[in-house]
1. May I ask you to verify whether residue 192 is of a type in the set (Phe, Trp, Tyr), over 22 Å from residue 29 (Cβ atoms) and in a loop (DSSP other than H, G, I, E, B)?
2. Give all pairs with beta carbons closer than 7 Å in which a residue from the range 32-57 that is more than 20 Å from residue 145 (Cα to Cα) meets a residue that is open to solvent by 30 Å² or more (accessible area, probe 1.4 Å) and small (Gly, Ala, Ser); count only pairs at least 6 apart in sequence or on separate chains.
3. Cβ contacts < 6 Å: first residue more than 10 Å from residue 51 (Cβ to Cβ), restricted to the range 62-73; second residue open to solvent by 50 Å² or more (accessible area, probe 1.4 Å) and outside any loop (DSSP other than H, G, I, E, B), any location; separation 6+ or different chain. Result?
4. Looking at residue 147, is it under 20 Å from residue 18 (Cα atoms), at pLDDT 95 or above and part of a loop (DSSP other than H, G, I, E, B)?
5. Could you check, for the range 199-216, whether at least one of its residues is aromatic (Phe, Trp, Tyr), open to solvent by 50 Å² or more (accessible area, probe 1.4 Å) and either part of a loop (DSSP other than H, G, I, E, B) or in contact with a helix residue (DSSP H, G or I) (Cβ under 8 Å, 6 or more places away or on another chain) (or both)?
6. Which condition breaks for residue 68 when tested against (1) open to solvent by 40 Å² or more (accessible area, probe 1.4 Å); (2) of a type in the set (Gly, Ala, Ser); (3) under 24 Å from residue 182 (Cα atoms)?
7. Given the condition at pLDDT 95 or above and among the charged types (D, E, K, R), answer yes or no: does some residue in the range 42-55 qualify?
8. Tell me yes or no: at least one residue of the range 231-239 is open to solvent by less than 40 Å² (accessible area, probe 1.4 Å), touching a Pro at 6+ places or on another chain (Cβ under 8 Å), under 28 Å from residue 3 (Cα atoms) and β-branched (Val, Ile, Thr).
Amino acid sequence: MAETYTSNEMMTIAAARALRNEDVCFVGIGMPSAAANLARLTHASGITLIYESGTIAAKPEVLPLSIGDSELCETALTTVSVPEMFRYWLQGGRVSVGFLGGAQIDKFANLNTTVVGPYNKPKVRLPGGGGAPEIAASCGEIFITMAQSKRSFVDKVDFITSLGHGEGGDHRARLGVKTKGPTKLITDLCIFEPDAKTKEMTVVSIYPGVTREQIEENTGWPVRYAASVRETAAPMAHELEVLRALHVRTAAAHGKAA
């Protein structure tokens, strides 16, 4: 009998699968944390997880509420100052993968977490960049996880908080940025990767049961597909078991129902 699963579980598992045992990963709170720890608890036991608060090689038993959660410091190999984290580890080129998300994203994977609407008179003022602009520029590559809708997948972001591929093509290189930028955009419908030449985010894999029409209905630009689009492998029983157990432990630790 086939396992049943949610779109969020599929997205988390797809993101976890993209991580490698040898990665040093700059982890965000929320789904990136769930994906990174799922990878650590399954196929990538040797991965080094770094959180913005300065915890290095954290191995949390439950998902942290924030970067300041004591669970991270208690389970980390060491904890360094935030200036050291950014200057030595991140800007020093020692982080291979960074996870990001945003309120808006465009076809070149530029992210907006600053304002919706005009900057001087926005409709919504968002939390801002935090460390994301430095993560986007300094990690070896970037994985983005976002639920897909026309509200968030827009033709043009209102503000570029975190640089993706800029205007496309070699724009990052022309700006003097030497890292790869976004190499995967993992949504609740499919997986995008940048076109080798134009850098436009292109669908390379579609989740089981999802149609191209669904993807297009939830994207604010004309969707491009790779020459060969594969179906994403459905979650395996072991992946679901480990992910769900992690969420159950987290809910219990935080006094919430799973």
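The values are calculated or read from the model by the stated rules, or taken from the named source; none is laboratory data. Every value quoted in this text rests on a predicted model; they were computed, and no experiment measured them. Cβ: placed from backbone, ideal geometry, glycine included. Neighbour counts: every protein chain shown. Ligands, DNA and RNA are stripped out before the accessible areas are found, and what is left, the full protein with its side chains, is counted by its heavy atoms. Shrake-Rupley method; radii C 1.70, N 1.55, O 1.52, S 1.80 Å.
1. Working: of a type in the set (Phe, Trp, Tyr): yes; over 22 Å from residue 29 (Cβ atoms): yes; in a loop (DSSP other than H, G, I, E, B): no.
No.
2. Close Cβ pairs satisfying both conditions: 53/68; 54/81.
3. So the pair list comes out as 62/249; 62/253.
4. Details: under 20 Å from residue 18 (Cα atoms): yes; at pLDDT 95 or above: yes; part of a loop (DSSP other than H, G, I, E, B): yes.
Yes, satisfied.
5. no
6. Every condition holds for residue 68 apart from (3).
7. The answer is no; no qualifying residue exists.
8. The initial filter retains those residues of the range 231-239 that are open to solvent by less than 40 Å² (accessible area, probe 1.4 Å), namely 232, 235, 239.
This time we only want the ones that are touching a Pro at 6+ places or on another chain (Cβ under 8 Å), so: 232.
Right, trim to under 28 Å from residue 3 (Cα atoms) and you get 232.
Retained after the next criterion (residues that are β-branched (Val, Ile, Thr)): 232.
Yes, the range 231-239 has at least one match.
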